[in-house]
1. Over every pair of different alpha-carbon atoms in the range 1-128, take the mean of 1/r and invert it; report that Kirkwood radius in Å.
2. Relative to the compact globular guide of 2.2 N^0.38 Å, what is the alpha carbon radius of gyration of the range 53-195, as a ratio?
3. Given Asn136, Ala176, Val84, which one lies farthest toward the positive end of the charge dipole of the chain, if we put +1 on the Cβ of every Lys and Arg and -1 on the Cβ of every Asp and Glu?
4. Could you identify which residue out of Ala176, Ala133, Ala39 has the top mean-square fluctuation in a GNM of the chain using Cα springs shorter than 10 Å?
5. Have a look at Val96, Val64, Val19 and tell me which one the Gaussian network model of the chain (Cα, springs below 10 Å) gives the largest fluctuation.
6. Please state, rounded to one decimal and in Å, the Kirkwood hydrodynamic radius that the range 1-51 gives when every pair of distinct Cα atoms enters the mean of 1/r.
7. Can you find, among Val60, Leu149, Ala110, the residue sitting farthest towards the positive end of the charge dipole of the range 53-195, where Lys and Arg contribute +1 and Asp and Glu -1 at Cβ?
8. Checking the cross-link filter: which aspartates and glutamates have an alpha carbon closer than 18 Å to that of Lys33, excluding same-chain neighbours under 8 positions apart?
Amino acid sequence: RGPHIMAGYWRAPEQNAKVFDEEGYYCSGDALKLADPQAPEVGLMFDGRIAEDFKLSSGVFVSVGPMRTRAVLEGAPLVQDVVVAAPDREELGLLVFPRLDQCRVLAGMADDVEDEAVLASEPVRAWFSQWLARFNRDATGSASRIQWLLLMAQPPSLELGEITDKGSLNQRAVLAQRAALIDAAYQGSAPGLLRREAR
């Protein structure tokens, strides 16, 4: 709330009710954290979208934004984006949208080879299995440990709402559109499923 924040949507009270609280503060939906907890005067920094966060069936809260960011950064150059699955489940999984061109190079396969065959190749599966192990190395509990991942040969769909108008991944829409695949992953029957190795 302040002179730098819009006063509201023009002639749209229902939209205003969604984004302004009872005191007139704009609710962006962004999660923030202190940039430096030892020096709060430094300011705040973006820490994901609140709308993407969810709870596991145990009631443990999962902060999706930082997990997605970390997965993409640590998954370079093979990871384009990920979706964290899924609300009200016992464990976490990832739907990974890979950089198919990079996976193709790693697999040593020509452009005319089907994407599914590239993702099923031993070099690609081995790389993602090792990446999953590295990702989980410092996991401290169920809200930070990824138990399985699926490599998506089918990219996210703009028509189905899996990509927003701004070009970013819509976590909720992907979870809804690919619910049957996610169910199969939790049952251990999804094709190409990679599971975390037990220690």
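None of the figures in this text is laboratory data; all of them are computed from the coordinates on show. Worth saying up front: this structure is predicted, and the values here are computed from it rather than measured. Note that we place each Cβ from the backbone using ideal geometry, even for glycine, and neighbour counts take in every protein chain shown.
1. On the way: mean 1/r = 0.0547 Å⁻¹.
About 18.3 Å for the range 1-128.
2. On the way: Rg = 14.6 Å, N = 143, 2.2 N^0.38 = 14.5 Å.
With N residues counted in the range 53-195, Rg over 2.2 N^0.38 Å equals 1.01.
3. Asn136
4. Ala39
5. Val19
6. Numbers: mean 1/r = 0.0786 Å⁻¹.
In the range 1-51 this quantity evaluates to 12.7 Å.
7. Val60
8. Correct list for Lys33: Glu41, Asp47, Glu52, Asp53.
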